[in-house]
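The values are calculated or read from the model by the stated rules, or taken from the named source; none is laboratory data. Every value quoted in this text rests on a predicted model; they were computed, and no experiment measured them. No Cβ is skipped: glycine too gets one built from the backbone with ideal geometry, and neighbour counts run over all protein chains shown.
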């Protein structure tokens, strides 16, 4: 960028990412930068991951570029909001002939002209006091216990029962002091959440979640029994509700953050959808609930 005119010119290009983590040599003639190689991987502790990053240099007068070290340390350009740098810090030597950088848990010196990489030996005196960690032993048993966190507690239309979520399952209890019982059979494995009563109190709709199979909407008799899946496509379903006539279900569906390795709170919006209570294709409303 020209600081007087504000004009910006793109210097790096070519295969892979254009470049990141630039460092200019002391004489101002050479630019070092990192670039990813398309469809490349690196092996670490018996596992392969990628893409692999390499260190390049560019002659700022001629525009010639060449790769001088491949691979270098793993980069982090996607998460620059939460890190100090997209690449571990590196620096030119004062004479501009070599670059010092960290790689593989060692300090390395790269000779720019030849590409030769050497390890810089060093020793450090470290004094550390290690104390015993506070630890309270406890035993997890299979005995009955009192659930201390109930979610989505909802009274039945006649006021005689309550449905709620606890320890990953949906439970129904007669009021005022009945024993909680699972809505679904023991063989039903997915995580259960956000139950809601039908207007006549005979059925309950709820959402499910599984890390691999993802989520669906289900209905079950309020007295318990095998649930019936009503969604034809998996997704991040939440907070279903019945229509007054009991013919349709309205629910929210996340934008798919979990399909990209992220978590539910990172969904940017939730669509509102409606589908038949007996099951079938869903229709999506034009409006969306934005989460941020």
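The table below gives the values:
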quantity: Segment 211-222: number of residues that are in a loop (DSSP other than H, G, I, E, B) and either closer than 20 Å to residue 272 by Cβ or at pLDDT 95 or above (or both); calculated: 2
quantity: Whichever residue in segment 175-190 is farther than 19 Å from residue 145 by Cα and touching a strand residue (DSSP E or B) at 6+ places or on another chain (Cβ under 8 Å) and, among such residues, is surrounded by the most Cβ atoms within 10 Å (Cβ to Cβ); calculated: 184
quantity: Verdict on residue 162 being surrounded by 14 or more Cβ atoms within 10 Å (Cβ to Cβ) and under 30 Å from residue 95 (Cβ atoms); calculated: no
quantity: Segment 191-208, subset over 23 Å from residue 145 (Cβ atoms) and free of Cβ contacts under 8 Å to residues at least 40 places away in the same chain, residue surrounded by the fewest Cβ atoms within 10 Å (Cβ to Cβ); calculated: 202
quantity: Any chance residue 283 is over 24 Å from residue 184 (Cα atoms), exposed (fewer than 14 other Cβ atoms within 10 Å of the Cβ), without any contact (Cβ under 8 Å) to a residue 24 or more places away in the chain and touching a helix residue (DSSP H, G or I) at 6+ places or on another chain (Cβ under 8 Å); calculated: no
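Matching residues to (1) closer than 27 Å to residue 262 by Cα; (2) modelled with pLDDT of 85 or more; (3) in contact with a helix residue (DSSP H, G or I) (Cβ under 6 Å, 6 or more places away or on another chain); (4) assigned by TED's automatic domain parsing to the domain that holds residue 96:
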{"position": "5", "(1), (2), (3), (4)": "no, yes, no, no"}
{"position": "10", "(1), (2), (3), (4)": "no, no, no, no"}
{"position": "30", "(1), (2), (3), (4)": "no, yes, no, yes"}
{"position": "37", "(1), (2), (3), (4)": "yes, no, no, yes"}
{"position": "54", "(1), (2), (3), (4)": "no, yes, no, yes"}
{"position": "63", "(1), (2), (3), (4)": "no, yes, no, yes"}
{"position": "67", "(1), (2), (3), (4)": "no, yes, no, yes"}
{"position": "70", "(1), (2), (3), (4)": "no, yes, no, yes"}
{"position": "75", "(1), (2), (3), (4)": "yes, no, no, yes"}
